[in-house]
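Step one of this worksheet: look at the structure below.
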């Protein structure tokens, strides 16, 4: 047998062996066929597109330091509801302001005016609102709202509205990571509220478009305080009295358009989103939760008011007229509660130290002179100085004649010759 025939015979053997192996692997017993026939039909299950991981439109921000353009939403001073009924505030908070206050008090001094924000001091502490005392509403699976309304301790004939938004125990990780970036929109009812003031945003320079670093805290709760002034004609009056006491010729549209029970409506959105999509539908805040006396409110409400009062007194707030350090300390001590971690006791000690430092006449005079200056005593813009002529030698040759004034040359007058009378 030649070499070529031997190679061809080997290839034929290889092909026969491979064919037998494929046939054995594809062979199915009769019993297996019967079992497959008797078994139920299995349908293919399509994958739910919602359960698939999606690329977020913006990266989630974890607690820590963030570098970028930050905008702290807020406004300053009393706002007229008929002109500006919408108020917004963001949930960005940290403990830097409280630490700055502690360091200043340890050095027997106080921070500069408006260096510490009241809303940052409020959110330094944790609050536990009860369903029995507060108006608590479950907004969604992620957020819960608690509100409380009572007379304000800062000024007469005003009301203090507390808004507390916190995460639920079943809140998702996405909601927890994005809590610092929430923005609340409060739309006040001009039929009931004539003016409002968002406490803690008295500064006009709360917005910054320059990149800066801010330390974000891992908080699951945010508290905001509003000081309200009700309309005198409809304050605490029933609907039939309202309709008979208001001039219908000028206020029919207000009465028909706005409710007599809803103090305001609140909605939440993501401050990083430009679409303006609301995370929850507008939630009404009922006016009937109003307490008649400030002392009848919860401990959480009164302690938050005391903390906000400390920030306003230190900053010499122009909108606080009937409040002092003694009242602040009494409210804080009365609303301390159990205080297991001792944070509220520490705050009371800081408030007492601040009261002692602020009562110092030298410190008070120096601070008032530096910060509070009447407009008529402000130094006007300095006028430019007149241009003075340069001396010879200070400028190169050829330019001196252009600047130096030309002085007239005065030649000496010759004396007359004496007259000879003997000629």
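The values are calculated or read from the model by the stated rules, or taken from the named source; none is laboratory data. From a predicted model like this one, the values you see are computed outputs, not experimental measurements. Please note: Cβ atoms are built from the backbone with ideal geometry, for glycine as well, and neighbour counts cover all protein chains shown.
Annotations for the structure displayed:
- Within segment 269-283, the presence of a residue that is at pLDDT below 95, assigned to a helix (DSSP H, G or I), in contact with a strand residue (DSSP E or B) (Cβ under 9 Å, 6 or more places away or on another chain) and surrounded by 18 or more Cβ atoms within 10 Å (Cβ to Cβ) is excluded.
- Index of the failed condition, residue 128 passing every other in (1) farther than 23 Å from residue 220 by Cβ; (2) part of a loop (DSSP other than H, G, I, E, B); (3) touching a helix residue (DSSP H, G or I) at 6+ places or on another chain (Cβ under 8 Å): (1)
- Taken over segment 296-328, the criterion of being more than 21 Å from the chain's Cα centre (by Cα), farther than 13 Å from residue 152 by Cβ and assigned to a helix (DSSP H, G or I) is satisfied by 296, 299, 325, 326, 328.
- Residue identified as at pLDDT below 90, buried (at least 17 other Cβ atoms within 10 Å of the Cβ), over 28 Å from the mean Cα position of the chain (by Cα) and part of a helix (DSSP H, G or I) among 234, 242: 242
- If you check 169, 174 for being surrounded by fewer than 19 Cβ atoms within 10 Å (Cβ to Cβ) and part of a loop (DSSP other than H, G, I, E, B), only one passes: 169.
- Residue 254 modelled with pLDDT under 80 and in contact with a helix residue (DSSP H, G or I) (Cβ under 8 Å, 6 or more places away or on another chain): no
- Scanning segment 293-325 for residues that are touching a strand residue (DSSP E or B) at 6+ places or on another chain (Cβ under 8 Å) and either without any contact (Cβ under 8 Å) to a residue 40 or more places away in the chain or over 28 Å from residue 342 (Cβ atoms) (or both) gives 293, 319.
- Close Cβ contacts (under 7 Å, 6 or more residues apart or on different chains) running from residues in segment 337-349 that are at positive phi and in a helix (DSSP H, G or I) to residues that are surrounded by 12 or more Cβ atoms within 10 Å (Cβ to Cβ) and modelled with pLDDT of 90 or more are absent.
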